[in-house]
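Here's the structure, in structure tokens; my notes come after.
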Amino acid sequence: MSVQRSGVAKQPAYDVAVVGGGPAGLAATAAAARLGRRVVLIDAGAQLGGQYWRHANVSSAGPHDHVGHRDWEVFEALNERIRRHRQTGAAVHVAATQVWFIEPPGSDAGEPDWTLHLAPTCGAPDDRMPRTVRADRLILCPGCYDRQLPIPGWDLPGVMAAGGVQALLKGQRTLAGKRAVVAGTGPFLLPVAEQLARNGARVVAVCEASRIGNWGRHLPTVARTPSKFAEAASYGWSLARARVPYRTGTVVMRIEADSSGEQVGAVKLGRLGSDGRLRESSESLDVDLVALGWGFTPALELVSAAGAETRVDVDQSLVAVVDEEQQSTVAGLYIAGEATGVGGAQLALAEGELAGIAAADATHLERSRVRALRREIRRLRAFAVAMQRSHPVPPRWSEWLTPETLVCRCEEVAYAQVSEATSDLAATDARTLKLLTRCGMGWCQGHVCGFATATLAAAGQARQLNAEDLRPLAKQFPCAPIRLGSLLEH
Amino acid sequence: MVPEVPVPGVPATIHLTLDGRELTARAGQSVGAALTEAGIRSWRRTRHGGRPRGLFCGIGICYDCLITADGVPNLRACLLPASDGMQLTSTGSELTPTTDGGVA
């Protein structure tokens, strides 16, 4: 392996760097390239599409790979546009690569550009991949992942994030289990259950913690987004046909091992009363797969590393603050997609395109398109807010924890240790709680337990969750795993 | 599942091993998917509690699925493409039961 100094000035500087190849990143890349900018698109995936358009490897793709993908034709059109821009040299795609460190302009003497330090998603860097990329403008489209709450037994094999179960189906054509329960909250549980059932799993229940009546207050908003309603209805119809029970006000409150003790065997259900209190039900379901999701957590490590301002959104996620042009509080840094607030692929597409136009300094040239995009963003954001209000994390979720329940899976920190730290050891904030218990300090750096840890820290002080609780769990250095050798080269 | 379509130049079936046990994967599949299809649900044990771990987030976020491949430790099985002749090693103690009740 040849040792190459990073930060080499020989690397050409791009006009725009886009990080993330999901809907927002693709739309941003296509827009900036269309407006004559030289764009580099850096994506962790081996193939473009992000989580939303994750698909089987094209080298072995079957004719039905697009089945079950929403808006697949939108992806194909964007992909084709970017392919043409790559042919002319207007766009460069760096695949299977993560950004582990961001240097803002001016941090290195005389460097007027953003410098992104890259590492391969898998394995050791090879000599062909650039170690750094420089660009005048930066657009971050890092996407999101399933939000999780600890549940007794949730670390047993066979318990997975709902998005992971779907990723195995969409990306690998692999069924994660034969007899499944899908649980948590939010409309995303529906497609996961539907795809499991369509691929041959028996889905014994979808347990939705919220009540459908929550949507009642938001009917005017739903009426303005008929496509979302149609989507939910089509999943509902498919699930009804597959005889999958959809149970609202219901949670998986305990996960039990099978006779081997090595994997999931059953779940115990609980009911949430209208007062939010948990009542144990006598009901238990035999399953070999539990798919869990409580909405989504935007990936904010790059946003934090770049120094952009963050805030708490309606769904209690930490999100980036952006203006009417998707520009963050840091000049020259644009953010689009789930990182500005969880809202789905259509919203991400609109935000990404607007960010691409803005980063290309072309909003004054594209006035009518910009107006249309802003209208679309307002309409879809209103729907996202309605969705988040209708599917909140159950406020009293910690009632289902036992002293032995792991809060942090990586560092194996049990709820008892967290309680002790918040009550006896004066961990009055998430940062102290993290330092005292090691919650969020393991391999995943708080990606999985961050929300729970921050919420428990706030609850220990009998106060509402705030941005200060979430921020220490969203910061990471490095922003992606790297080999020690790469650090030493630095 | 979706019927396979042979692609010229790409082996339809990849052969790999976990602790010497033979596994197969389809071209383009991840190690995590190949292990799941073989009914293997965990390939690592935690440091403190010795708890079994396998796929959880499935998209490279949680690091539960770390595995050793051809001697390189701590690779995310959910992201790692399976390759022909790859030798996977589980970490921790004994192997884990399979979903069909057997023992791997």
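Quick look at the values:
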read-out: Separation of the A:S274 and B:T24 label points, Cα + 7 Å toward Cβ, nm; value: 5.8 nm
read-out: Size of electric dipole in region A:292-402: Cβ of Lys, Arg +1 and of Asp, Glu -1, about Cα centre, debye, nearest 20; value: 480 debye
read-out: Rounded tilt (10° steps) of A:226-241 against the dominant C-alpha axis of chain A; value: 40 degrees
read-out: Partner chain coverage, peptide A:148-154 - average Cβ within 10 angstrom; value: 1
read-out: Accessible surface of A:Y235 - all protein chains present, 1.4 Å probe, nearest 10 Å²; value: 20 Å²
read-out: Theoretical gain in end-to-end length, A:E256 to A:D71 [0.36 nm per residue, Cα-Cα removed]; value: 62.8 nm
read-out: Mean accessible surface per residue for region B:13-89, computed with a 1.4 Å probe while every protein chain stays in place, in Å²; value: 34 Å²
read-out: Within the protein assembly as shown, helix-based [θ] at 222 nm, where runs of 4 or more DSSP H residues each add -39,500 (n - 2.57), nearest 500; value: -8000 deg cm²/dmol
read-out: Amide H within-cut-off set for B:L18, under 5 Å, with H built and near neighbours excluded; value: B:L23, B:L88
read-out: Relative contact order of region A:401-473, defined on C-alpha pairs under 8 angstrom at six or more residues apart (%); value: 30 percent
read-out: Residue order for A:H69, B:H15 - accessible surface, 1.4 angstrom probe, largest first; value: B:H15, A:H69
read-out: Normalised convex hull volume, chain A, alpha-carbon set, Å³ per residue; value: 156 Å³
read-out: Solvent-accessible area of A:M253 with every protein chain in place, 1.4 Å probe, in Å² to the nearest 10; value: 20 Å²
read-out: With every protein chain in place, the protein assembly as shown: carbon and sulfur % of accessible area (1.4 Å); value: 53 percent
read-out: Under the Karplus curve 6.51 cos²θ - 1.76 cosθ + 1.60, θ = phi - 60°, whole-Hz ³J(HN,Hα) for region A:32-38, x wherever Gly or Pro sits; value: 5, 5, 4, 8, x, 8, 8
read-out: Amide H contacts under 5 Å for A:M253, placed H, 5+ residues apart; value: A:K268, A:L269, A:G270
read-out: Per residue convex hull volume, Cα atoms of region B:13-89, in Å³; value: 81 Å³
read-out: Per-residue average of Cβ from other chains inside 10 Å of B:29-41; value: 5
read-out: Overall form of region A:148-294 per C-alpha gyration tensor (a/c, 1.5; a/b vs b/c); value: oblate
read-out: FRET efficiency for A:N466 and A:S281, using Cβ-Cβ distance with R0 set to 41 Å, rounded to 0.05; value: 0.75
read-out: Whichever lysines have a C-alpha closer than 25 Å to that of A:K268, once near sequence neighbours (fewer than 8 apart) are set aside; value: A:K178
read-out: DSSP beta bridge pairing in the protein assembly as shown, given as percent antiparallel to the nearest 5; value: 55 percent
read-out: Per residue value of the accessible surface for region A:148-294 (all protein chains in place, 1.4 Å probe), Å²; value: 37 Å²
read-out: Under 28 Å from the Cα of A:K475 - lysines, other chains or at least 8 residues apart; value: A:K434
read-out: FRET E, pair A:T88, A:E324, Förster distance 30 Å, beta-carbon r, rounded to 0.05; value: 0.45
read-out: Nearest-10 value in Å² for the accessible area of A:C141, using the 1.4 Å probe; value: 10 Å²
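The values are calculated or read from the model by the stated rules, or taken from the named source; none is laboratory data. As the structure is a prediction and not an experimental result, all values here were calculated from the model. Please note: Cβ atoms are built from the backbone with ideal geometry, for glycine as well, and neighbour counts cover all protein chains shown. We work out accessible area using only protein heavy atoms, side chains counted, and drop any ligands, DNA or RNA first. Shrake-Rupley method; radii C 1.70, N 1.55, O 1.52, S 1.80 Å.
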